[in-house]
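What follows is one structure encoded as structure tokens, with my remarks underneath.
The values are calculated or read from the model by the stated rules, or taken from the named source; none is laboratory data. Because the structure is predicted, anything quoted here is derived from the model rather than measured. When we count neighbours, we look across all protein chains shown, and the Cβ atoms used for this are built from the backbone with ideal geometry, even at glycine. Note: areas computed on protein heavy atoms with side chains; ligands, DNA, RNA excluded. Shrake-Rupley method; radii C 1.70, N 1.55, O 1.52, S 1.80 Å.
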Amino acid sequence: MYADIFRGILIPFLGTALGAACVFFMKRTLSTGIQRALTGFAAGIMTAASVWSLLIPAMEQSADMGKLAFLPAVIGFLVGILFLLGLDHLIPHLHMNSSEAEGPKSKLKKTTMLVLAVTLHNIPEGMAVGVVYAGWASGNVSITAAAAMALSIGIAIQNFPEGAIISMPLRAEGMGKGKAFLYGTLSGVVEPIGAILTILAAGLVLPILPYLLSFAAGAMIYVVVEELIPEMSEAPHSNVGTIFFAVGFALMMTLDVALG
């Protein structure tokens, strides 16, 4: 079991590292259209994962509350939104294709703030993987090993373009390939750390598992709405982000239902 958990935690991080490695065999930076497609794809996967892998299991685990079974999911979801809102205001970061940094004023380099932006939205992804594996390890009947693995694979798939979206622009700005790869990879290191911390927290207080599941869902949806959707829909108008959102959503839904 522990080997499965360890492997499941590392799979998403591996996706980020492989994406960042694109800097070694791709000569040019990603076009705006490709960046939009990849961002929409990531948003679709995160949205589907929030529903099928997190919110639905949270409500299933609260079924003994009857008509109030939605309550833990609603509370956890809203707290997750507020948590990411707080981090968004506390951590200086710079979104891709943006010239104005967010959060408190800082003298950090542009490259550092770009990595912080991706790191910020990797936090809920790590928590999502951690809480699902914690539920499976606890013997929770509504979360299977296959469902936990499906989430890990889905997050890894959407992490691949994220790694590339960080490393390729950094390389285009003149940074060395090795350093650009390192920055891209480091943006995902928070995921296994967040997963481990969440597993420890859930293991100590199993009754709050439905709240933790929906908390991770809320945090992920915040990232999708606040960051990914605006980035995939930037002017000039294009439908490519929306199309790939649908592709990502369908893929994650298929993985979760077929494997879970």
Over region 1-259, what is the relative contact order in whole percent, taking alpha-carbon pairs under 8 Å and six or more residues apart? 44
With all protein chains present, how much of the accessible area of region 120-164 (probe radius 1.4 Å) comes from carbon and sulfur, to the nearest whole percent? 77
Check: C-alpha center region 211-234 vs C-alpha center region 1-55, spacing in Å is 15
For region 1-259, the per residue accessible area (1.4 Å probe, Å²) is 45
Span from the region 237-258 Cα centroid across to the region 103-153 one, whole angstrom: 19
Show that you can apply the helix-only estimate: for the chain, add -39,500 (n - 2.57) for every DSSP H stretch of four or more residues, divide by all residues, and state [θ] at 222 nm to the nearest 500. -23500 deg cm²/dmol
How much net charge surrounds residue 72 when only the other residues with a Cβ under 14 Å from the Cβ of residue 72 are counted, with Lys and Arg +1 and Asp and Glu -1? -1
With θ set to phi - 60°, apply the Karplus curve 6.51 cos²θ - 1.76 cosθ + 1.60 along region 123-133 and write out the HN-Hα couplings as whole Hz, x wherever there is a Gly or Pro. 4, x, 5, x, 5, 4, 5, x, 6, 5, 5
How high is the relative contact order of region 83-166? Use alpha-carbon pairs under 8 Å, at least six apart in sequence, and give a whole percent. 21
